[in-house]
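The values are calculated or read from the model by the stated rules, or taken from the named source; none is laboratory data. Note that this is a predicted model, so its numbers are computed, not measured. Cβ coordinates were reconstructed from backbone atoms using ideal geometry, including for glycine residues, and neighbour counts include every protein chain displayed. The area values use the complete protein model at the heavy-atom level, side chains included, leaving out ligands, DNA and RNA. Shrake-Rupley method; radii C 1.70, N 1.55, O 1.52, S 1.80 Å.
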Amino acid sequence: MPVKSPFRNGSGFALSVLFLLAAVLACSSGSAKKCTARLTLDGGTFVGEDVAEEKATRNACNKYCREADPGYQAIYGEWLDSPAGKAAGRPSKEEAIFKDKDLMDYVTVTCANECLARITYGRAKVETKCD
């Protein structure tokens, strides 16, 4: 009984091409553009990353908002002691925004927009590099 070649019926060839294509895509995805924004505000440095420069800057602002913004600290503290905060298991400042829409909106809209305005008016400094 003759041994069948995996390439005889074309499915083996198609499988080989598929593996080759997957390897090429895996290698090329590592070379995608990455932007890093380093925000200096209120004596701290906050880093954000994204493929787009503007989003990297916004992500750095979001990080500032979660970690150092006095307004977020205040509303997070109030929320933490509220029935909703207790029911959520008293999560960290970083996790809380995923548990409460108002906290998320404060960080990603209110505070982030204030941060971007501070950058625009020179009250905060941001350096962005894209590779």
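Quick one: Cys27 ticks every box in (1) at pLDDT below 95; (2) open to solvent by less than 70 Å² (accessible area, probe 1.4 Å); (3) assigned to a helix (DSSP H, G or I) except a single one, so which number is it?
Here Cys27 meets the rest and fails (2).
Against the condition farther than 13 Å from Thr40 by Cα and open to solvent by 50 Å² or more (accessible area, probe 1.4 Å), how does Ala112 come out, does it pass?
When the stated conditions are applied, Ala112 does not pass them.
Out of all the residues in region 50-71, is one or more part of a helix (DSSP H, G or I) and over 21 Å from the mean Cα position of the chain (by Cα)?
Yes, because at least one residue in region 50-71 is part of a helix (DSSP H, G or I) and over 21 Å from the mean Cα position of the chain (by Cα).
Pairs under 6 Å by beta carbon, first residue on the phi < 0 side of the Ramachandran plot in region 79-108, partner of a type in the set (D, E, K, R) and open to solvent by 50 Å² or more (accessible area, probe 1.4 Å), six or more apart or different chains?
Correct list of pairs: Leu80/Arg90; Ala88/Lys99; Pro91/Lys99; Lys93/Arg66; Glu94/Arg66; Val107/Arg66.
Which of the residues that make up region 81-131 are part of a helix (DSSP H, G or I) and of a type in the set (Gly, Ala, Ser)?
The answer is Ala84, Gly85, Ala87, Ala96, Ala112, Ala117.
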